[in-house]
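Asks: One structure coming up, written as structure tokens, with questions to follow.
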Amino acid sequence: MEIPRHWRLRKQRYGLVGEVCPHCDAKLFPPRDVCPECGQEAKTLYNFSGRGEVYSYTTVYEAPAGFEEVAPYTVALIKLQEGPLVTAQLTDTNGEQVEIGTPVEMVTRRLRSDGDERGLLVYGYKFRPILQQLISPT
Amino acid sequence: MTEVVIAGIGQTAVGEHWDISIRELALRSIELAQADAGGLQPQAVYVANMLSTPLSQQAHLGALIADFAGLNGVEAATIEAAGASGGAALRVGYLAVASGQVGVALVVGVEKFTDQVGSTVDAALSTSGDSDFEAVQGLTPTAQAALLMRRYLHEFAVPRQAFGGFPLVAHANGASNPRAMFQKAISLDLYARAGMVSDPLNMFDVAPLADGSAALLLTRPELLPPGFPHALVRLAGSSLVTDTLALHDRPDPLTFHAARLSVERACRAAGIQPAQLDLFELFDAYSIYTALSLEAAGLAQRGQGWQLAQDGQLNLNGALPVATFGGLKARGNPGGATGVYQAVEAVLQLRHQAGANQVPGARWAMVQALGGPASSVATHILERRD
């Protein structure tokens, strides 16, 4: 069931809460407590904007257990505006072609289900394309 | 430091071994290695395995396999470093013998994928990535490789078909390896028409997972049995290096940083440069990994590893033969056993017992096993001692 594992990650899954290094100002997601840039302690929470762009992407057809229902799905590396990369599924693409560089924003969606009617439903962040007219209104 | 030699080698065919269990599979390669080494008895057993717990419902392979091989009472444990498990176990065996604590060490790699099928196997494989931040998004090892390949094609403006050169070499070499899973050469045309697995990876960019077992006996030269019949092969360099599990935690995902460090450390210990190698058993689980491994080893510039496969340099008679018995792509990828297979094949080359797959006059070989996208990298340099 893994309830504690998903519960303790709720700030990351629902709010994209990472950390900022108080020594060198590096923004960290996922949180890792020791700054990889300067090696010092970095436990200050930091709320990411949830905006970024596609760094790379692919489609998974042979899904692992727990993901069969949503297959095929697109999984991507997203370059967040604040710097870090994050691994996430893309959603709400409405059949439009995603490309490297496509602007995206975080949304909350169901990530996986453990099957039977008593199984756990795991929710968390996915990313969807930002409509062009919202970025640069003309 | 005490000199460590590889005194015995054994390997089973790679494929679907429905009829035997994981312990029987391991025993087959152990018996072959012991016979090859003139009956050397190990005092320690290091079992390389990646996924026996989820796939065979069996943990604790060290004691299980030691007992099943008639070695009850010896030191034994499992060594796990995802796809690098075989290389990591060789590293542990090397340290045990080099330290003088163990006279003869048995390194046996074994993996059994075929007791499970489909999404169960994919879920088990995904545990080698970051469970909390990668696997929970449905990312698989194959999807990781696809993300890297798409970014590589984008950043370096590489023609998509250029990657076909790597599986072409592997399949050409696998055609004359009786233990290979696929013993048939392929054409560039077949590569171009292959079905997509996880775009841009097609079927020939992905090595097949299969059952297999391989074994090595390590010892000091003075402990070899009288009349030892083979040319001596020593472990001249040994290195195990780590990097982040997750691609998203790396400043530059297109650099296999741990592979670069591992090659540097192993080559420094052996006192050679990568350009002096006679062959390189690299980890071609995905064709993009071949390119990134060649670049990390300093054998190609960043973004240009794919070019080495274009002009025959990686063929058996080329400047730097790779995957000389088919590599992971054609021999097959038996998970935690793969790193041990690589070393067995390098020993065959350096003993000049490789038959139709022989690299002429081979003296120096490098073997490298990757766990995940080079999150663990074990590199060994082997030298023929004349």
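Asks: Quick one: with all protein chains in place, what share of the accessible area of chain B is carbon or sulfur, to the nearest percent (1.4 Å probe)?
Replies: Working: 6520 of 12770 Å².
The nonpolar share, carbon plus sulfur, comes to 51 percent.
Asks: Here's a follow-up. To the nearest whole number, what is the average tally of beta carbon atoms from other chains within 10 Å of the beta carbons of peptide B:146-153? It would help to have the intermediate numbers written out before the result.
Replies: Details: counts 6, 8, 3, 2, 8, 5, 1, 2.
That works out to 4 on average.
Asks: Using a 1.4 Å probe, what is the accessible area per residue for the stretch B:1-44, in Å²?
Replies: 42 Å²
Asks: Mean-square fluctuation check for chain B, GNM, Cα pairs under 10 Å: which of B:ALA291, B:ALA180, B:ALA162 is largest?
Replies: In the Gaussian network model the winner is B:ALA162.
Asks: Sticking with this structure for a sec: Interface size between chain A and chain B, please: total buried accessible area, 1.4 Å probe, rounded to the nearest 100 Å². Don't skip to the answer; put the middle values down first.
Replies: Numbers: alone 8890 and 14220 Å², together 20310 Å².
The A and B chains share an interface burying roughly 2800 Å².
Asks: Going by average Cβ density within 10 Å per residue, which order do the peptides B:128-134, B:35-41 take, highest to lowest?
Replies: Details: B:128-134: 22.0, B:35-41: 17.0.
Top to bottom by mean Cβ count within 10 Å: B:128-134, B:35-41.
Asks: I'd like the mean, over residues of A:71-82, of how many other protein chain beta carbons sit within 10 Å of each residue's own Cβ.
Replies: Details: counts 2, 1, 3, 3, 10, 5, 10, 1, 1, 1, 0, 0.
Mean shielding by partner chains, rounded to a whole number: 3.
Asks: Continuing with this model, one more query. Can you list the residues in the stretch B:220-257 whose accessible area drops by at least 30 Å² when all protein chains are present, compared with the chain alone? Use a 1.4 Å probe, heavy atoms only.
Replies: Buried on complex formation: B:HIS248, B:ASP249, B:PRO253.
Asks: While we're on this one: For chain A, what is the calculated [θ] at 222 nm in deg cm²/dmol (nearest 500), taking -39500 (n - 2.57) for each run of four or more DSSP H residues and dividing by its residue count? It would help to have the intermediate numbers written out before the result.
Replies: Values: 3 runs with 15 residues, N = 138.
Only helices count here, giving -2000 deg cm²/dmol.
Asks: Given a 1.4 angstrom probe, I'd like the percentage of the accessible area of the stretch A:3-131 that is carbon and sulfur, rounded to a whole number.
Replies: Working: 2960 of 6540 Å².
Roughly 45 percent of what the probe reaches on the stretch A:3-131 is carbon or sulfur.
Asks: Cβ under 15 Å from B:GLY339's Cβ, B:GLY339 left aside: what net charge do those residues give with Lys, Arg +1 and Asp, Glu -1?
Replies: Summing Lys/Arg as +1 and Asp/Glu as -1 gives -3.
Asks: Right, something else. Counting each DSSP H run of 4 or more residues in chain B as -39500 (n - 2.57), what helix-only mean residue ellipticity at 222 nm follows after dividing by all residues, to the nearest 500 deg cm²/dmol? Kindly include the intermediate steps, with their values, before the conclusion.
Replies: Values: 12 runs with 124 residues, N = 386.
The helix contribution divided over chain B gives -9500 deg cm²/dmol.
Asks: How big is the charge dipole of the stretch A:3-131 about its Cα centre, in debye rounded to the nearest 20, if each Lys and Arg gets +1 on its Cβ and each Asp and Glu gets -1 on its Cβ?
Replies: Working: 16 positive and 17 negative charges, 91 e Å.
About 440 debye.
Asks: What whole-number distance in Å separates the alpha-carbon centres of the stretch B:289-309 and the stretch B:147-226?
Replies: Cα centroid to Cα centroid, the span is 15 Å.
Asks: Okay, next question. Could you tell me how far the Cα centroid of the stretch A:77-104 sits from the Cα centroid of the stretch B:340-386, in Å?
Replies: Each part's Cα centre sits 41 Å from the other's.
Asks: Students sometimes get this wrong: rank A:GLU2, B:GLU345, A:GLU37 by accessible area, probe 1.4 Å, all chains present, largest first. Working shown, then result.
Replies: Working: A:GLU2 90, B:GLU345 0, A:GLU37 140 Å².
Descending accessible area places them as A:GLU37, A:GLU2, B:GLU345.
Asks: Choose one answer from B:GLN11, B:GLN161, B:GLN313: the residue with the largest mean-square fluctuation in a GNM of chain B with alpha-carbon springs under 10 Å.
Replies: Looking only at B:GLN11, B:GLN161, B:GLN313, the biggest GNM fluctuation is shown by B:GLN161.
Asks: Taking the Cα-to-Cβ direction at B:GLU75 and at A:ARG109 and moving 7 Å from each Cα, how far apart do the two end points lie in nm?
Replies: About 5.1 nm, to one decimal.
Asks: With labels modelled as points extended 7 Å from the Cα through the Cβ direction, what inter-label distance (nm, one decimal) is found for B:ARG302 paired with B:GLN58?
Replies: Result for the modelled spin labels: 4.6 nm.
Asks: Taking beta carbons within 10 Å but only from partner chains, what does the mean come to for residues A:98-107? The partial results should precede the final answer.
Replies: Details: counts 0, 1, 5, 1, 0, 0, 0, 0, 0, 0.
Other-chain Cβ atoms within 10 Å of each residue's Cβ, averaged: 1.
Asks: With a sphere of radius 13 Å drawn around the Cβ of B:SER21, what net charge do the other residues whose Cβ falls strictly inside it have (Lys, Arg +1; Asp, Glu -1)? Don't skip to the answer; put the middle values down first.
Replies: On the way: positive: B:ARG23, B:ARG28, B:LYS112; negative: B:ASP19, B:GLU24, B:GLU111, B:ASP115, B:ASP211.
Taking every other residue near B:SER21 into account, the sum is -2.
Asks: Looking only at B:GLN34, B:GLN342, B:GLN368, which one moves most when chain B is put into a Gaussian network model with springs between Cα atoms under 10 Å?
Replies: B:GLN34
Asks: For A:LYS126, which lysines qualify as cross-link partners when the Cα separation must be under 26 Å and same-chain residues fewer than eight apart are set aside?
Replies: Partners within reach: A:LYS11, A:LYS27, A:LYS43, A:LYS79.
Asks: Return the aspartates and glutamates within reach of B:LYS112: Cα separation strictly under 12 angstrom, same-chain partners fewer than 8 residues apart disregarded; answer none if there are no such residues.
Replies: Here the aspartates and glutamates satisfying the reach criterion relative to B:LYS112 are B:GLU16, B:ASP19, B:GLU24, B:ASP211.
The values are calculated or read from the model by the stated rules, or taken from the named source; none is laboratory data. On a predicted model such as this, the values are computed, not experimentally measured, just so you know. For neighbour counting, all protein chains shown are included, and Cβ atoms are generated from backbone atoms with ideal geometry for every residue, glycine included. Calculation scope for accessible area: heavy atoms of the full protein, side chains included, ligands and nucleic acids excluded. Shrake-Rupley method; radii C 1.70, N 1.55, O 1.52, S 1.80 Å.
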